[in-house]
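Every number in this text was worked out from the coordinates using simple rules, so none of it is lab data. Worth saying up front: this structure is predicted, and the values here are computed from it rather than measured. Every residue, glycine as well, gets a Cβ built from its backbone with ideal geometry; the counts of neighbours run over all protein chains shown.
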Amino acid sequence: MRRRIWADPRLGLLVVIVVLVAVFTALRPAFLDVDLTIVPIQSDLTVFVVVGLAQLAVLSLGHMNLAVGRMAAVSAFAAGWAYDKLAVPLVVGLLIGLAVGALVGAAAGWTIAATGVNSFVVTLALDFALIGLVSLLYSTFSDGVAFHVAPAGMDILRGDTFADYCAGDLCGPPIPLVVPIALVAALAVGVFFRNSRLGREILMTGSNLQAARLSGIPTSRRIIQAHTLSGLLAALAGFLLAVTNGAFSADIGGSFLLPSFLGPVLGGTLLAGGAVSVLGTVFGAALTEVIQTGLNLLQFEVEKFKIYIGIVLLVALSLDRLRQVLAERRKQEVPRVPEPVEQKEGVA
Amino acid sequence: MRTPRLTVAVLAIALCVVGCSRNTVHSDQSALSPGQVKVALVPGGPHPYFQPWKTALQQAKTDFKLGDVTFNETSAWNQTTQNSVLKSLAAQGFNAFGVFGVSPDTINSTFGDLRKQGFHLASLGSCPAGDTDNADFCLATDVRQAAYKAAKSAIAAMGGAGNLVHLTGNKTDSNTTRRIQGVQQAIDETGGKVKLIQTVTDIDTDLQTAQKAVADLIAAKGAQINGIVTTAYNPAVASAAAVKAAGLPVKVVAIDDDPTILGDIKDGSVTASVVQNPVGQAYIGSYALSRLAGGCAMKTSGQVIDSGSFVVTRDDVDTYDTQRQQETTQLRKDFDDKYLNCPKA
C-alpha cells in the first residue's frame with residue numbers, strides 16, 4: 001500500500017506544489033494574501049482545470065483537440081449572443097453555449113471517425129476555420145468584437161467568494177463562487193471515466209482501437225462521444241473565462257491551447273491514450289498556476305521571467321521523475337509478492 | 001459512505017448560499033503622501049511602443065517624489081496573465097496602476113475589481129471598449145482620429161486618387177475596429193476617388209510576421225497599390241523597408257517614431273508617420289495617479305483624454321519632439337485645471 005502511494009505521480013505533484021508554495025511564501029509573504037493572491041489563483045485555476053479536462057477527454061483516445069480554444073470562443077459567442085439578443089437567464093445562456101460546444105466537438109469527432117484522418121490535422125483545420133468564423137460572427141452580430149452584457153447573477157458569480165456570505169458572524173471560506181462549477185465538472189469527468197461503461201469503452205478504444213473493435217465496442221461512436229465531451233468542456237471553460245473577464249469576446253480561448261495540455265500531461269494522462277488522471281489534471285493546472293503567480297510576485301523582467309518559468313517547470317518535473325525512479329527501485333528491492341499485471345487503460 | 005458525505009457537503013454549501021446574508025466590503029481610500037504612492041505601469045506585453053514608458057516613469061518618480069515605481073511587461077498579451085500580474089503587484093504594496101489593457105473588451109472588469117479594493121487606476125495608451133471606463137481616467141491616443149489623420153496624409157500624398165492598402169493589428173481588438181473605421185472615414189470623404197483594396201489584420205505580432213505579410217502583398221498586388229497606410233508598429237517598419245527595397249512608387253504612411261522610420265522619412269521613402277505620445281502617457285499618467293492617491297478625485301470618473309497624435313513629415317522630422325513636449329506640458333496643466341478636483345491645502 002505504502003509503495004503504491006509513493007508510485008503515484010499525483011503525490012509527486014502535490015509535494016512539488018507544497019514545496020513551491022513554501023518557497024514562494026518565504027520569499028514573498030504576499031503569496032498568502034487572501035484577496036490579491038489566493039482568491040485570484042482559484043478563479044484562474046477554475047478555468048484552466050476545465051480546459052485541461054477538455055483536452056483530457058480526447059487524450060483518453062490518444063487524440064488531440066487543437067481547436068479547444070476556438071470551440072470555447074464559438075460557444076462563448078453563442079452564449080453572449082443569447083444574453084444580448086434574447087435576454088435569456090444566466091443558466092439558459094450557459095446551456096446554449098454548452099450545446100454549441102458539444103455540437104462542434106461532435107462534428108470534429110464525426111470527421112475523424114468517418115475519414116480516419118488524424119485528430120491533429122482535423123482539429124488544426126477546424127481551429128483555422130473557427131478563427132475566421134468567430135471573427136465574422138462578432139462583426140456581424142455585435143457592435144465590434146464582444147458582447148458587453150451581464151445577465152443577472154454574472155457579476156456575483158464573477159466577483160463573490162463564499163466569504164461574502166455570512167450567517168451571523170459565521171462566514172464561508174474565501175473560495176470564489178465559480179470554483180464549485182469546476183469541481184462538479186472534474187467529479188463528473190472522473191466518475192464518467194472510472195464508473196461508466198461508456199467512459200471505460202472510450203479508454204479501451206484509446207488503449208487499443210483494434211482490440212476494442214473486436215470486442216464489440218462501437219469505436220466510431222466512442223470517438224464522436226469523446227470529442228463531444230471535449231467540446232462541451234471547452235464551452236464550459238469559455239463560459240467561465242467570460243464570467244471571470246466580464247465580457248463575451250472574440251479573444252476568449254486564444255490562450256487555452258498550451259494550458260490544455262500542461263494540466264493533463266503534468267498530471268500523468270498519457271498522450272498515447274487509454275489512461276487519464278482527473279486529479280492529476282487538477283494538480284498539473286495548480287502547479288502551473290502556482291509557478292506563474294510566484295514568479296509574478298518575484299517581479300522578474302520579461303526575458304528572465306520566461307527562462308525561470310522553464311527552469312522551475314523542468315526542476316519540478318525532474319523531481320517528480322526522481323520520485324518515480326526511487327519508487328521503482330523500492331519496488332525492485334522487495335520482490336516478495338508477485339505484482340498483478342497492470343492494465344493499460346484506467347483512471348488514476 | 002462517500003455519497004452521504006458528499007451530499008452533506010453539497011447541502012451545507014446550498015444552505016449557506018440560500019440562508020446567508022451577503023457581506024458588502026467597502027474599500028478604504030485615505031489620502032497618501034507622494035512618498036507613500038507606489039506606481040506600477042503595466043503594458044499588455046513586450047512591445048517597442050512601451051519602451052519610453054520606462055524612462056518617463058523614472059523621471060516621474062524623481063520629479064513627483066514617488067515612493068516606488070515599477071514597469072512590468074510580463075503580461076504576455078494575455079488578459080488572464082495581466083490580471084494576475086496586476087493582483088501580484090497590488091499584493092506587493094503597489095497602490096496606483098497605469099495599465100495598457102490586453103483586451104479592451106474585458107479590461108473594465110479588472111479596473112472595477114481593483115478600484116473596489118481601493119487602488120487607483122489609469123487606462124494608459126488604450127481605453128476600454130464601449131462607452132464606460134471603470135478606471136479613474138484614460139490617457140491614450142484617440143486611435144480612430146490617428147488612423148484618420150494617417151489615411152488623410154496617405155491620400156494627399158497619392159494625389160487624392162488611387163488604391164490604398166491598410167495594414168493593422170489584431171482583428172479581435174476593438175482598437176483595430178476603431179482604426180479601420182478611421183481609415184474608412186478618410187476614404188469615404190474622397191467620394192470614391194480612393195479605393196481601399198485590402199485591409200490586412202493580425203500582422204503586428206512581430207516583425208517577421210509583418211515582413212512576410214507585406215512581401216506577399218507586394219508580390220500579389222504591388223503594381224496596383226498607390227498608397228499604404230499602417231496603423232500598427234511592426235507593419236509600419238516592414239512596409240517601409242519592403243517598398244524601399246522593391247523601389248515601388250508607393251506612398252507609405254507609417255506610425256510611431258522608430259529610428260528606421262524617421263530615417264525613411266528623411267530620405268523620402270516614407271511620406272509621413274503618425275507619432276503618438278507614450279512619454280506623455282507614462283509621465284502625466286503617473287503624475288495624475290499620484291494626485292489621485294493624494295486625495296484628489298477626477299471631476300468626471302473614467303474621463304477619456306487624448307494624449308495627442310502628430311503627423312510628422314520631412315519638414316518637421318527634426319523638430320516634432322518639441323511639439324510633443326508642449327503637448328505633455330499642456331496635459332499636466334489640463335489635469336490640474338480641468339480634470340482633477342483637489343481638496344484645498
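Treating only the Cβ of Lys, Arg, Asp and Glu as charged (+1, +1, -1, -1), what charge dipole size does chain A show about its Cα centre? Round to the nearest 20 debye. Each step should come with its number before you reach the end.
On the way: 23 positive and 22 negative charges, 310 e Å.
Charge dipole of chain A: 1480 debye, to the nearest 20.
Could you compute the net charge surrounding B:Asp105? Neighbours are other residues with a C-beta less than 12 Å from the C-beta of B:Asp105; K and R count +1, D and E count -1.
Numbers: positive: none; negative: A:Asp143, A:Asp251, B:Asp173.
Result for the neighbourhood of B:Asp105: -3.
Would you pull out the residues with amide H under 5 Å of B:Gly162's amide H, same chain only if 5 or more places away, H placed 1.01 Å from N?
B:Val194, B:Lys195
With a ≥ b ≥ c the root eigenvalues of the C-alpha gyration tensor of segment B:143-275, is it rounded (a/c under 1.5), prolate (a/b larger than b/c) or oblate?
Details: a/c = 1.29, a/b = 1.09, b/c = 1.18.
Verdict is rounded for segment B:143-275.
Kindly put B:Ile261, B:Ile107 in sequence by how many other C-beta atoms sit within 10 Å of each C-beta, fewest to most. Each step should come with its number before you reach the end.
Values: B:Ile261 26, B:Ile107 30.
The order, fewest Cβ neighbours first, is B:Ile261, B:Ile107.
Only Cα pairs within less than 10 Å get springs; with that Gaussian network setup on chain A, which residue of A:Val68, A:Val104, A:Val122 has the largest fluctuation?
Greatest mean-square fluctuation among the candidates belongs to A:Val122.
Could you work out Rg/(2.2 N^0.38 Å) for segment A:174-263, with Rg from alpha carbons only? List each step's numbers first, then the result.
Working: Rg = 16.1 Å, N = 90, 2.2 N^0.38 = 12.2 Å.
Ratio of Cα Rg to 2.2 N^0.38 Å: 1.32.
Rank these for me by crowding, A:Phe239, A:Phe300, A:Phe193, going from fewest to most other beta carbons within 10 Å. Mind dumping the intermediate values first?
Working: A:Phe239 30, A:Phe300 16, A:Phe193 26.
Listed from fewest to most nearby Cβ atoms, that is A:Phe300, A:Phe193, A:Phe239.
Can you tell me the orientation of helix B:107-116 relative to chain B, as the angle in degrees between its alpha-carbon axis and the longest Cα principal axis, to the nearest 10?
The helix B:107-116 is inclined about 30 degrees to chain B.
Shape call for segment B:284-345 from the C-alpha gyration tensor, a ≥ b ≥ c root eigenvalues: rounded (a/c under 1.5), prolate (a/b greater than b/c) or oblate? Each step should come with its number before you reach the end.
Details: a/c = 3.51, a/b = 2.68, b/c = 1.31.
Prolate shape, in that a/c is at least 1.5 and a/b is the bigger ratio.
Give me the compactness ratio for chain A, meaning the Cα radius of gyration over 2.2 N^0.38 Å. Write out the running numbers ahead of the final one.
On the way: Rg = 21.1 Å, N = 348, 2.2 N^0.38 = 20.3 Å.
Normalised Rg, Cα atoms only: 1.04.
What is the helix-to-structure angle for B:207-221, meaning the angle in degrees between its Cα long axis and the longest Cα principal axis of chain B, kept from 0 to 90 and rounded to the nearest 10?
Tilt of helix B:207-221: around 40 degrees.
Give me the orientation-averaged projected area of the Cα convex hull of the protein assembly as shown, in nm², one decimal. Before the final figure, lay out the partial values.
Numbers: hull surface 140.4 nm².
Averaged projected hull area, Cα only: 35.1 nm².
For chain B, modelled as a GNM with alpha-carbon contacts under 10 angstrom, which of B:Thr328, B:Thr62, B:Thr70 fluctuates the most?
B:Thr62
Given H placed 1.01 Å from N in the peptide plane, which residues other than close sequence neighbours of B:Leu32 have an amide H under 5 Å from its amide H?
The answer is B:Gly294, B:Gly295.
What FRET efficiency do you get for B:Ala215 and A:Lys306 if R0 is 30 Å and r is their Cβ-Cβ distance, rounded to the nearest 0.05? Before the final figure, lay out the partial values.
Values: r = 29 Å, r/R0 = 0.96.
In this case the efficiency is close to 0.55.
State, to one decimal in nm², a quarter of the convex hull surface area for the C-alpha atoms of segment B:21-166, i.e. the direction-averaged projected area.
Working: hull surface 47.1 nm².
Hull-based average projected area comes out at 11.8 nm².
In a solvent-free Debye calculation with one equal scatterer on each Cα, what is log10 I(q)/I(0) for segment A:77-224 at q = 0.13, 0.21 Å⁻¹, listed in the order of the q values?
Log10 of I(q)/I(0), two decimals: -0.87, -1.26.
When the gyration tensor of chain B is built from Cα positions, what are the square roots of 5 times its three eigenvalues, in whole Å, from largest to smallest? Don't jump to the answer; show the numbers that get you there.
Details: eigenvalues 344, 139, 58 Å².
Equivalent ellipsoid semi-axes, largest first: 41, 26, 17 Å.
Name the residue farthest towards the positive end of the dipole of chain A from the options A:Ala76, A:Pro9, A:Gly144, assuming +1 on Cβ of Lys and Arg, -1 on Cβ of Asp and Glu, about the Cα centre.
The listed residue farthest towards the positive side: A:Pro9.
Magnitude of the Cβ-charge dipole of chain B, K/R +1 and D/E -1, about the Cα centre, nearest 20 debye?
On the way: 31 positive and 31 negative charges, 160 e Å.
Dipole about the Cα centre, nearest 20: 780 debye.
Could you line up B:Ile284, A:Ile96, A:Ile181 from fewest to most neighbouring Cβ atoms inside 10 Å?
Going from least to most buried by this count: A:Ile181, A:Ile96, B:Ile284.
Please find, in a Gaussian network model of chain B (springs between Cα atoms separated by less than 10 Å), the residue of B:Gln326, B:Gln198, B:Gln181 whose mean-square fluctuation is greatest.
Largest GNM mean-square fluctuation: B:Gln326.
Run the reach check for A:Lys306 against aspartates and glutamates, Cα to Cα strictly under 17 Å, same-chain hits fewer than 8 apart removed. What comes back?
Here the aspartates and glutamates satisfying the reach criterion relative to A:Lys306 are A:Glu289, B:Glu73.
With θ set to phi - 60° and the Karplus curve 6.51 cos²θ - 1.76 cosθ + 1.60, what are the ³J(HN,Hα) couplings of segment A:255-262 in order, to the nearest whole Hz, using x for Gly and Pro?
Computed from phi, the couplings for segment A:255-262 are 10, 7, 4, 4, x, 5, 8, 4 Hz.
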